[in-house]
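These notes concern the structure reproduced below.
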Amino acid sequence: MTMVARHAAAHARALASVMGPGEALSLQRGFGDTAVTYAVNGWVTGYDAQEMAGEVQQGRRKAIILASSVTDSGFPLPIVAQQDRIGFAGKTLAIVSVDEATRRVQGELIAYELELAGA
């Protein structure tokens, strides 16, 4: 295993140790009868007060989804803001923005951070 792969695995383990084991989410592409759903693993949380001071609107949520989970699901990359959605707790949430930089280690994408909106 390369050093980058070891760092990526360590980061994924650190996420799980801090946030718990994650949960089954669905990443959806398309609308209505043409929608295709892919099973992924991740976490959905609210934003803390410090994050709300920026451009994040009140009531929005953040999803952290392991890049390996997205790849393993067969989801056709890239994840597209305003087009793709997340299924969580019986709700479908719109993806407002996709951050591929925050959870990157030595150029290796570990997890996507997604800003979500919806009920």
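The values are calculated or read from the model by the stated rules, or taken from the named source; none is laboratory data. Keep in mind it's a predicted model, so treat the numbers as computed, not measured. With ideal geometry, Cβ positions are generated from the backbone for all residues, glycine too; neighbour counts draw on all protein chains shown.
Tabulated values for the structure
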quantity: Subset tally (residues that are modelled with pLDDT under 95, more than 20 Å from Glu108 (Cβ to Cβ) and of a type in the set (A, V, I, L, M)) for the range 67-91; calculated: 1
quantity: When residues of the range 100-116 are limited to those that are more than 18 Å from Asp72 (Cβ to Cβ) and either surrounded by 15 or more Cβ atoms within 10 Å (Cβ to Cβ) or at pLDDT below 90 (or both), the one farthest from the chain's Cα centre (by Cα); calculated: Gln106
quantity: Candidates Ala94, Ala81, filtered to the one that is surrounded by 15 or more Cβ atoms within 10 Å (Cβ to Cβ), more than 12 Å from Val44 (Cβ to Cβ) and free of Cβ contacts under 8 Å to residues at least 60 places away in the same chain; calculated: Ala94
quantity: Residue match in the range 92-99 (condition: more than 19 Å from Glu23 (Cα to Cα), assigned to a strand (DSSP E or B) and of a type in the set (Ser, Thr, Tyr)); calculated: yes
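Conditions (1) at pLDDT below 90; (2) outside any helix (DSSP H, G or I); (3) closer than 12 Å to Glu113 by Cβ; (4) in contact with a helix residue (DSSP H, G or I) (Cβ under 7 Å, 6 or more places away or on another chain), marked per residue:
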| residue | (1), (2), (3), (4) |
| --- | --- |
| Pro21 | yes, yes, no, no |
| Ala24 | no, yes, no, no |
| Tyr38 | no, yes, no, yes |
| Thr45 | yes, yes, yes, no |
| Gln50 | yes, no, no, no |
| Val56 | yes, yes, yes, no |
| Lys62 | no, yes, yes, no |
| Ile65 | no, yes, yes, no |
